[in-house]
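**Student:** First the structure, which I've put down as structure tokens, then a few questions once you've had a look.
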Amino acid sequence: MIKEFKMSQERYDELKRELDYSKTTRADEIAELIKEARGFGDLSENSEYDEAKNEQGKLYSRIAELEDILLHAVIVDEAEDSDRISIGCRVTVTNLDSGKQLPEYRIVGSQEADVMSRAVSEDSPFGKALMGARMGDEVSVEAPRGVIHYRVDRIDR
């Protein structure tokens, strides 16, 4: 089964720019570091050369990862008008177990998830529970401490 990477057009463009930068500017910078390090003499005891080669390996791994993601990317139409939660929605929920309303979350594809900015992946347990729900619906999320119940209070596109 081929993994699809759902993302916004904005995220796709961001990854494309990173790939282009990595293949050109960054690759040239690392090649220059390797060239300089070779000038320091014996390669068997040359830490600068080893570090530059390690950086090159990391860069090649990231390039391969980016190419795979972009090859299998599925751009999600965030403008789709529906009363159900989908990628691109901003959602406010209340934890029914504690009665507390949580801060607003944005539902995103797995490549855009960022807990610190409250961008929740549609593949996460919380995201899966919310996907397709309507305002007023109650959803349950399986968590390490047990099942948590939420009510969808608001959906913004």
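The values are calculated or read from the model by the stated rules, or taken from the named source; none is laboratory data. Here the structure is a predicted model, which is why all the values come from computation and not from measurement. We place every Cβ from the backbone using ideal geometry, glycine too, and count neighbours over all the protein chains shown. Heavy atoms of the whole protein, side chains included, go into the accessibility calculation; ligands, DNA and RNA do not. Shrake-Rupley method; radii C 1.70, N 1.55, O 1.52, S 1.80 Å.
**Student:** Over 18 Å from residue 63 (Cβ atoms), without any contact (Cβ under 8 Å) to a residue 24 or more places away in the chain and out of contact with any Phe, Trp or Tyr (no Cβ under 8 Å at 6 or more places or on another chain): which single residue out of 4, 45, 29 fits that description?
**Tutor:** Working: 4 fails: without any contact (Cβ under 8 Å) to a residue 24 or more places away in the chain; 29 fails: over 18 Å from residue 63 (Cβ atoms).
It is 45.
**Student:** For residue 107, state whether it is touching a Cys at 6+ places or on another chain (Cβ under 6 Å), in contact (Cβ under 8 Å) with a residue 24 or more places away in the chain and either part of a loop (DSSP other than H, G, I, E, B) or open to solvent by less than 70 Å² (accessible area, probe 1.4 Å) (or both).
**Tutor:** Numbers: touching a Cys at 6+ places or on another chain (Cβ under 6 Å): yes; in contact (Cβ under 8 Å) with a residue 24 or more places away in the chain: yes; either part of a loop (DSSP other than H, G, I, E, B) or open to solvent by less than 70 Å² (accessible area, probe 1.4 Å) (or both): yes.
In short, yes.
**Student:** Within the stretch 8-26, track down each residue that is surrounded by fewer than 11 Cβ atoms within 10 Å (Cβ to Cβ) and touching a residue at least 60 places away in the same chain (Cβ under 8 Å).
**Tutor:** none
**Student:** Taking the stated definitions as given, is residue 136 over 23 Å from the mean Cα position of the chain (by Cα) and free of Cβ contacts under 8 Å to residues at least 40 places away in the same chain?
**Tutor:** Yes.
**Student:** Open to solvent by less than 80 Å² (accessible area, probe 1.4 Å), more than 19 Å from the chain's Cα centre (by Cα) and not β-branched (Val, Ile, Thr): is that true of residue 95 in this structure?
**Tutor:** Here the answer is yes, as residue 95 does meet what is asked.
**Student:** Would you point out the residue of the stretch 111-125, among those that are open to solvent by 40 Å² or more (accessible area, probe 1.4 Å) and not in a loop (DSSP other than H, G, I, E, B), that is farthest from residue 92 (Cα to Cα)?
**Tutor:** Only one residue tops the list, namely 111.
Okay, residues lined up against (1) open to solvent by less than 90 Å² (accessible area, probe 1.4 Å); (2) not basic (Lys, Arg):
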residue: 32; (1), (2): yes, yes
residue: 53; (1), (2): yes, no
residue: 58; (1), (2): no, no
residue: 61; (1), (2): yes, yes
residue: 64; (1), (2): yes, yes
residue: 69; (1), (2): yes, yes
residue: 72; (1), (2): yes, yes
residue: 99; (1), (2): yes, yes
residue: 102; (1), (2): yes, yes
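**Student:** Here is a follow-up. Take residue 87 and tell me if it is among the β-branched types (Val, Ile, Thr), modelled with pLDDT of 90 or more and either closer than 21 Å to residue 5 by Cα or exposed (fewer than 15 other Cβ atoms within 10 Å of the Cβ) (or both).
**Tutor:** No; evaluated as a whole, the condition is false for this residue.
**Student:** Can you report the number of residues in the stretch 58-83 which are more than 22 Å from the chain's Cα centre (by Cα) and of a type outside the set (Ser, Thr, Tyr)?
**Tutor:** 2
**Student:** Let me ask something additional. If a residue must be among the hydrophobic types (A, V, I, L, M, F, W, C) and either assigned to a strand (DSSP E or B) or out of contact with any strand residue (DSSP E or B) (no Cβ under 8 Å at 6 or more places or on another chain) (or both), how many such residues does the stretch 89-104 contain?
**Tutor:** Of the residues in that region, 2 qualify.
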